[in-house]
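The values are calculated or read from the model by the stated rules, or taken from the named source; none is laboratory data. Predicted, not measured: the structure shown is a model, and the values here were computed from it. Using ideal geometry, Cβ is built from the backbone for each residue, glycine included, and neighbour counts are taken over all protein chains shown. Ligands, DNA and RNA are excluded from the accessible area calculation, which covers all protein heavy atoms including side chains. Shrake-Rupley method; radii C 1.70, N 1.55, O 1.52, S 1.80 Å.
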Amino acid sequence: MTIQDNLQIIGERLHHAEQRFQRPLNSVQLVAVSKFHPIESIQAAYDAGQRAFGENYVQEMVAKAQALAEYSDLEWHFIGPLQANKTKLVAETAHWMHTLERLKIAERLSQQRPMNYPDLNVCLQVNLSSEATKSGLQPDEVFNLAKQVQALPRLKLRGLMAIPAPEPDFERQCAVFAQLRRLLEELNQQGFALDTLSMGMSDDMEAAVAEGATIVRIGTAIFGQRPKAVTE
Ligand SMILES: *Cc1c(COP(=O)(O)O)cnc(C)c1O
């Protein structure tokens, strides 16, 4: 199977899920997670029409963005943990930052976003009840950080992101994603106008679409198994 074949299959899976769960057609954006995959793989996906790519490591994203600078309509989504000393690279490279969880990082991104760039789209990462990792805000911390981020120039708060622990059961996948959807609904009831739920990966994409995902982040189902991590 080529990357082009995989993209076609994922596109069909997405469309089926949109229909099955009464979501408007094309309401879910596909971010192709290209971490650890070579430039040639991104190029192959680009040639097949894919424009949004997700990366977890700052230097890797920057190197790829530089190598592919001639493709001016590529959209880079940063989806990994971000340390304060690397915020400038993200502010200067990314179109989206999905994993915001600290005010200090938000302030630096705001200061370092070049004046002539469009606002950096950001999502707050939430740690849902099922998660094994320590990343992400507790649900009761989200409102305060959302208020603070909303007040910062050059950032555009778009919504919430989560990475639930792997879970094979569809109904249980849905129950976890529903927590993130309800949290977004609560924020909007409290006066925010957020439009993004970044949730769903190769193995739980359908459940995420059922619960309102507007961005799914798919790696393996497009690019195959990841080569062994060099950066880890
Ligand atoms: C690696 C990664 C993905 C893609 O996961 P797959 O299971 O390969 O589809 C999505 N989101 C985040 C945050 C990731 O780190």
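Which residues, counting only those in the stretch 180-190, are open to solvent by 60 Å² or more (accessible area, probe 1.4 Å) and of a type outside the set (D, E, K, R)?
Kept after step one, since they are open to solvent by 60 Å² or more (accessible area, probe 1.4 Å), are these residues of the stretch 180-190: 181-182, 185-186, 189-190.
Gln189, Gln190 - these are the residues of the stretch 180-190 that are open to solvent by 60 Å² or more (accessible area, probe 1.4 Å) and of a type outside the set (D, E, K, R).
Please identify the pairs in which a residue from the stretch 161-185 that is under 25 Å from Gly80 (Cβ atoms) has its Cβ atom under 7 Å from the Cβ atom of a residue that is open to solvent by 60 Å² or more (accessible area, probe 1.4 Å) and of a type in the set (A, V, I, L, M, F, W, C), counting only partners at least 6 apart or on another chain.
Within 7 Å, the pairs are Ala165/Ala132.
How many residues are open to solvent by 40 Å² or more (accessible area, probe 1.4 Å) and either part of a helix (DSSP H, G or I) or touching a His at 6+ places or on another chain (Cβ under 8 Å) (or both) if we restrict to the stretch 4-25?
The total comes to 11.
Looking at the stretch 33-46, is at least one residue of a type in the set (Ser, Thr, Tyr), modelled with pLDDT of 95 or more and under 17 Å from Glu92 (Cβ atoms)?
no
Examine the stretch 125-132 for a residue that is within 14 Å of the chain's Cα centre (by Cα) and of a type outside the set (S, T, N, Q), and state whether such a residue exists. Walk me through how you get there before you give the answer.
Initially, the stretch 125-132 is screened for residues within 14 Å of the chain's Cα centre (by Cα), giving 125-126.
From what is left, the residues that are of a type outside the set (S, T, N, Q) are 126.
For the stretch 125-132, residues within 14 Å of the chain's Cα centre (by Cα) and of a type outside the set (S, T, N, Q): present.
Here's the yes/no breakdown for (1) at pLDDT below 95; (2) part of a loop (DSSP other than H, G, I, E, B):
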{"site": "Cys123", "(1), (2)": "no, no"}
{"site": "Leu128", "(1), (2)": "yes, yes"}
{"site": "Asn144", "(1), (2)": "no, no"}
{"site": "Lys147", "(1), (2)": "no, no"}
{"site": "Phe177", "(1), (2)": "no, no"}
{"site": "Arg181", "(1), (2)": "no, no"}
{"site": "Leu194", "(1), (2)": "no, yes"}
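Are any residues in the stretch 90-111 under 29 Å from Gln43 (Cα atoms) and open to solvent by less than 60 Å² (accessible area, probe 1.4 Å), and if so, which ones?
Those that are under 29 Å from Gln43 (Cα atoms) and open to solvent by less than 60 Å² (accessible area, probe 1.4 Å): Val90, Ala91, Thr93, Ala94, Trp96, Met97, His98, Thr99, Leu100, Leu109.
Among (1) touching a Leu at 6+ places or on another chain (Cβ under 6 Å); (2) more than 16 Å from the ligand (Cβ to nearest atom); (3) assigned to a strand (DSSP E or B), which single condition is Leu157 missing?
Exception for Leu157: condition (1).
If the Cβ limit is 7 Å and pairs must be 6+ apart or interchain, which residue in the stretch 26-48 that is under 14 Å from Thr2 (Cα atoms) and part of a loop (DSSP other than H, G, I, E, B) pairs with which residue that is away from the ligand (no atom under 16 Å from the Cβ) and open to solvent by 10 Å² or more (accessible area, probe 1.4 Å)?
That search, which allows pairs on different chains as well, returns Ala48/Gln4.
How many of the residues making up the stretch 41-69 are farther than 20 Å from Lys86 by Cα and either among the basic types (Lys, Arg) or surrounded by 14 or more Cβ atoms within 10 Å (Cβ to Cβ) (or both)?
11
If you scan the stretch 1-40, which residues turn out to be more than 13 Å from the ligand (Cβ to nearest atom) and small (Gly, Ala, Ser)?
Listed by number, the residues that qualify are Gly11, Ala17, Ser27.
Across the stretch 182-219, what is the number of residues that are within 15 Å of the chain's Cα centre (by Cα) and either over 20 Å from Gln150 (Cβ atoms) or within 16 Å of the ligand (Cβ to nearest atom) (or both)?
19
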